[in-house]
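Encoded as structure tokens, the structure appears first; notes follow it.
The values are calculated or read from the model by the stated rules, or taken from the named source; none is laboratory data. Just so it is clear, the model here is predicted, and its values are computed rather than measured. Glycine also receives a Cβ, built like all others from the backbone with ideal geometry; neighbour counts cover every protein chain displayed. What goes into the accessible areas is simple: the full protein's heavy atoms, side chains included, and nothing from ligands, DNA or RNA. Shrake-Rupley method; radii C 1.70, N 1.55, O 1.52, S 1.80 Å.
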Amino acid sequence: DLPALAEIVRESAGVLSEVGVKPGDRVVVYKANHFDCILLASAIVRIGAIPVMLSGMLRKEAVQGLIQRVEPSAVISDAGRIELAEIVPELFPDLENRILSVDGISRHARIFLEIESQPFVRIVRRRDEELLMLTHTSGTTGLPKLVIFPPATIQKQMARLDCRHFPPLTFRRN
């Protein structure tokens, strides 16, 4: 149901605006790899911010190091990972009231679904050469390195996928 998914993205963008995320800000998404990661990234991009997608399997030290490196304006995670990685205002004072839990209560986080969404959040468009998303390498040689994705790179990857037949990932019929 595409309209319902679009509404989830709009509502999530409104929540992020409500907590003070602005165009150009970085927002860390560190949680289990489920479909909602795509929706959260879409909401972050919609308001002109930059999603920083961290694997939910990263070690505490890697998560903390990457959060320090990217200086996000908000972190979206689940309650268990917030506690496990010690994403706490005492270590990250700039994240006070901007650590958001998507699945339950954490004494260090606000519950994402309980934050009132701002209505009619303006969509911020980007040029092809602007930063769209950050992710990271595996970190096998130490702290993972950040990988930059502008829109043009993602579009090229999607076009390459669409030239091959991967039924769950492409839209071609044959």
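Here is how the numbers come out for the structure above:
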read-out	value
Extended-chain gain in nm, criterion 0.36 nm per residue less alpha-carbon gap, residue 86 and residue 107	6.5 nm
Dipole axis of the stretch 1-77 (+1 Lys, Arg; -1 Asp, Glu on Cβ), positive-most option in 42, 55, 13	55
Length gained when the stretch residue 141-residue 34 is fully extended (0.36 nm per residue, less Cα-Cα span)	35.9 nm
Euclidean distance between Cα centres, the stretch 104-153 to the stretch 45-66, Å	7
Cut-off under 5 Å, modelled amide H: who pairs with residue 56 long-range	31, 33
Whether the stretch 2-72 is rounded, prolate or oblate, judged on the alpha carbon gyration tensor where a/c under 1.5 counts as rounded	oblate
Under-5 Å amide H pairs with residue 74, H placed in peptide plane, nonlocal only	28
Rg(Cα)/(2.2 N^0.38 Å) for the chain, N = residue count	1.05
The chain - percent of accessible surface contributed by carbon and sulfur, probe 1.4 Å	57
Relative contact order of the chain, pairs being alpha-carbon contacts under 8 Å that are 6 or more residues apart, as %	22
For the stretch 5-99: accessible area per residue (Å², 1.4 Å)	42
